[in-house]
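Here the structure is laid out as structure tokens; the discussion comes afterwards.
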């Protein structure tokens, strides 16, 4: 196709037709590429060689050509590209297209030639694109260095993203970080301006003068008197004689900037200079007030009478009779009294705020509930800490770090301790019997409901919140029992409510139940009765027995109650007997042998129902 007797124009026409052919059907790419490769030789014209190099780069960058065909073609093209790149005084445009083609071939070659991939990666990692930066930096050199650095960095980043677990990934990461640091040091330092030695010396000299300003005499400030004639307000307060400064429009300056300039200037201003300037402005105002014309007194000056009206002029109309004169005098008296009445009506009276509405317990509870709702909303927007902090225990300070845990501590203590000692106030009738409590909304119960809903929204993740809340409830109940025997207790109620809330959503692989039973401060028979009911589902037997075994092994005060629960499970559920029997054989030897046979279906009455605090 590229014959010696053809002109470059004819060769380009044929090559363009071949390109149209491969664009219409990619299956012709291998044949066309093999035919045009010999044209890259130095014997061809530069225009034709540029077109061929550009065509090869386009072929390997085309997404339409399958990767298998590209892998086959790269074996034929690599040798020609190598010769082109190593040829001295090669055309820059040919080199550019050859480099682009080689960059497209790199992923293909490294995919099926591991040894070649290692050599290529070592060559790239040993390449320093910032080497030219050591020479004097010209605009052309700066552009070349930035281009090579960015090309190398992008190539390595894409290779690392393609296979993050590649052995070269750590080296690529270190190389890219080192390249970024070197680039910032070279180009950022070059763009910074350095002060000249003369400027530094002048700055030091000015600083010395400012430090020694207290010993120098204060400069004399002379305030010029006002010019004769009318003066503007700006002219009255202008102290400088500079025409340029007098023409400056201060209204164009932003108010915050003007405030900062004024504050900084007044803080450094000499008090003597300020006193002289204020005195000069006062003198100007006094002289201006003295030169102003005396104002006319409206009470003494006749209205509607001019100076020219003093001349006598005879009246040419009929004289008024007595009745008309009296009517006119009455009208003038009413006109004089009208402004006085209007002025009296416009006088401001004493301003008094309306009395605040009475605050009853219902309104107070609603306001408190709204505040707690806002606190919950702000708390849910806080993110979980990345690094878990060690627990501070019961003596932790609430809201000391303003994170989610601190706010939860505040909320739980508001729910448990805010109304402590106030809930057992009862009203009695004349006979001494307690009346029915009013259904008033309680702030503590409202917070407890919000905590309950908050935990159940994601109970697996927020089981720590539930445990912390129940610990506070148990501690508050223990304190209330010391001071009053009939104080309302909340631990049992909310512990059972939480258990009933998340038990239906447990699955056999959950460890939440074991953790919950192991961390709450008190385990009673009501809670363990719920655990017994889990054994209705054969898939939940292992979870229930494992949780009870944890109590037996790790919480000795609850061991008796947990073993009694395992014993009840052994009697009630046939599917749970193998696992329950293993626990009873170890912790209650002889129980299985003594209850097998005739007593197999009976349930002993020795199960304890006493709560155990741990």
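The values are calculated or read from the model by the stated rules, or taken from the named source; none is laboratory data. Fair warning: this is a prediction, and the values are worked out from it, not measured in the lab. So basically every Cβ, Gly included, is an ideal-geometry build from the backbone, and we count neighbours across all protein chains shown.
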Single unsatisfied condition, residue 572 versus (1) farther than 25 Å from residue 455 by Cα; (2) touching a strand residue (DSSP E or B) at 6+ places or on another chain (Cβ under 7 Å): (2)
Against the definition (part of a loop (DSSP other than H, G, I, E, B) and more than 21 Å from residue 368 (Cβ to Cβ)), how does residue 492 come out, yes or no? no
For segment 447-484, give me the residue count where each residue is touching a residue at least 40 places away in the same chain (Cβ under 8 Å), over 21 Å from residue 378 (Cα atoms) and either assigned to a helix (DSSP H, G or I) or within 33 Å of the chain's Cα centre (by Cα) (or both). 12
Is it the case, given these coordinates, that residue 95 is closer than 25 Å to residue 45 by Cβ and assigned to a helix (DSSP H, G or I)? yes
Test residue 374 against the stated conditions and say whether it is modelled with pLDDT under 75, under 31 Å from the mean Cα position of the chain (by Cα) and either in a helix (DSSP H, G or I) or within 20 Å of residue 455 (Cβ to Cβ) (or both). no
Scanning segment 515-529 residue by residue, those closer than 16 Å to residue 569 by Cβ, out of contact with any strand residue (DSSP E or B) (no Cβ under 7 Å at 6 or more places or on another chain) and crowded, with 16+ Cβ neighbours inside 10 Å turn out to be 525, 527, 528
Return the pairs, sorted by first residue and then second, in which the second residue is surrounded by 11 or more Cβ atoms within 10 Å (Cβ to Cβ) and modelled with pLDDT under 85, the first residue lies in segment 126-141 and is within 27 Å of residue 172 (Cβ to Cβ), the beta carbons are less than 9 Å apart, and the residues are 6+ apart or on different chains. 130/186; 133/186; 133/187; 141/132; 141/133
What is the one condition in (1) at pLDDT below 85; (2) more than 30 Å from residue 129 (Cβ to Cβ) that residue 193 does not satisfy? (2)
Filter segment 131-151 down to residues that are in contact with a helix residue (DSSP H, G or I) (Cβ under 7 Å, 6 or more places away or on another chain) and either at pLDDT 85 or above or in a helix (DSSP H, G or I) (or both), then give me how many there are. 6
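What number of residues within segment 530-541 are farther than 18 Å from residue 564 by Cβ and either surrounded by fewer than 17 Cβ atoms within 10 Å (Cβ to Cβ) or touching a residue at least 40 places away in the same chain (Cβ under 8 Å) (or both)?
Filtering segment 530-541 for residues farther than 18 Å from residue 564 by Cβ gives 536-540.
Applying the additional criterion that residues be either surrounded by fewer than 17 Cβ atoms within 10 Å (Cβ to Cβ) or touching a residue at least 40 places away in the same chain (Cβ under 8 Å) (or both) yields 536-539.
Adding up the residues that qualify gives 4.
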If we keep only residues of segment 403-431 that are over 24 Å from residue 481 (Cβ atoms) and outside the structural domain of residue 379 (by TED's automatic domain parsing), then the residue modelled with the lowest pLDDT is 429
Could you check, for segment 117-139, whether at least one of its residues is exposed (fewer than 11 other Cβ atoms within 10 Å of the Cβ) and closer than 30 Å to residue 36 by Cα? yes
Only one of 68, 89 is loosely packed, with under 13 Cβ neighbours inside 10 Å and at positive phi; which? 89
Does segment 14-26 contain any residue that is closer than 19 Å to residue 91 by Cα, in the same structural domain as residue 76 (by TED's automatic domain parsing) and modelled with pLDDT of 85 or more? no
